[in-house]
1. State which residue pairs qualify: first residue of a type in the set (S, T, N, Q) and inside the range 114-129, second residue away from the ligand (no atom under 16 Å from the Cβ) and part of a loop (DSSP other than H, G, I, E, B) in any location, beta carbons under 8 Å apart, and separation of 6 or more residues or different chains.
2. From Asp114, Asp139, which residue is at pLDDT below 95, assigned by TED's automatic domain parsing to the domain that holds Val82 and closer than 26 Å to Tyr40 by Cα?
3. Mind telling me which of the residues Ile41, Ile136, Ile80 ends up being β-branched (Val, Ile, Thr) and within 27 Å of Ile13 (Cβ to Cβ)?
4. Just to be sure, is Gly107 more than 16 Å from Ile79 (Cβ to Cβ) and either surrounded by fewer than 19 Cβ atoms within 10 Å (Cβ to Cβ) or away from the ligand (no atom under 16 Å from the Cβ) (or both)?
5. Name the single residue that is nearest to Phe64 (Cα to Cα) among those in the range 1-27 being among the aliphatic types (A, V, I, L, M) and surrounded by 15 or more Cβ atoms within 10 Å (Cβ to Cβ).
6. Just to be sure I understand the filter: pairs with C-beta atoms under 6 Å, separated by 6 or more residues or on different chains, first member in the range 1-12 and over 16 Å from Gly39 (Cβ atoms) and of a type in the set (Val, Ile, Thr), second member at pLDDT 95 or above and crowded, with 17+ Cβ neighbours inside 10 Å. Which pairs pass?
7. Surrounded by 20 or more Cβ atoms within 10 Å (Cβ to Cβ), more than 15 Å from the chain's Cα centre (by Cα) and either modelled with pLDDT of 95 or more or over 16 Å from Ala17 (Cα atoms) (or both): does that describe Ala59?
8. Quick check on the range 27-84: of everything there that is closer than 30 Å to Ala149 by Cβ and among the aromatic types (Phe, Trp, Tyr), which residue is nearest to the ligand (Cβ to nearest atom)?
Amino acid sequence: MPKQLKPETVERIKQLAARYPKPDGALLSALRAAEREFGYIDAEACEAVANVLGMPPAAVWGVFSFYTTFRKETDGKHIIYVCSTLPCAMRGSERLFDHLSEKLGVGKDETTPDKLFTLKKAECLAACGTAPCMQINEDYYEGLTLEMADQILEDLRAGKTRARHVTQ
Ligand code: FES
């Protein structure tokens, strides 16, 4: 049986869509709602959203696959987004990414075998003033050093989070 959104989620998406001249204006919000409900987005989730918005599933898939911030079925518990835009790059984000890659034993868009971490690159995370930075799930970590990154991994492995960690 294909994925079905809960009636209350369908209703919420319809309410959102009603605010726009065309229902696809609510697409990103609808995908977020589906992500919250299913835990990730896949082709069936796209189809469920498409059915509510009256859009072709391929159009929904096209938008979903364009954005890197939607959780995929293969993603680990903690998705690490290392900013790769110029201000962060000038402050060492490439070295930070390479360090995390080596520590975790995974490359870009790969997930550790224990499904704990997925490593990704992101465009500007809007925290340029405290570069280099990364986002892990909903939490920001800024002004990072390699030692801080090691500690963050250790904390996450121990089940701790350190949101808005800033040193500058
Ligand atoms: S360039 Fe990294 S947060 Fe803006």
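1. If the second residue must be away from the ligand (no atom under 16 Å from the Cβ) and part of a loop (DSSP other than H, G, I, E, B), the pairs left are Thr118/Thr74; Thr118/Asp75; Thr118/Gly76; Thr118/Val106; Thr118/Asp109; Thr118/Thr112.
2. Only one candidate qualifies: Asp139.
3. So the residue among Ile41, Ile136, Ile80 that is β-branched (Val, Ile, Thr) and within 27 Å of Ile13 (Cβ to Cβ) is Ile41.
4. Spelling it out, it is not the case that Gly107 is more than 16 Å from Ile79 (Cβ to Cβ) and either surrounded by fewer than 19 Cβ atoms within 10 Å (Cβ to Cβ) or away from the ligand (no atom under 16 Å from the Cβ) (or both).
5. Here the answer is Leu27.
6. From the range 1-12, the pairs are Val10/Val52.
7. no
8. Ranking the candidates gives Tyr81 first.
The values are calculated or read from the model by the stated rules, or taken from the named source; none is laboratory data. No experiment lies behind these values; they were computed from the predicted model shown. Note that each Cβ is placed from the backbone with ideal geometry, even for glycine, and that neighbours are counted across all protein chains shown.
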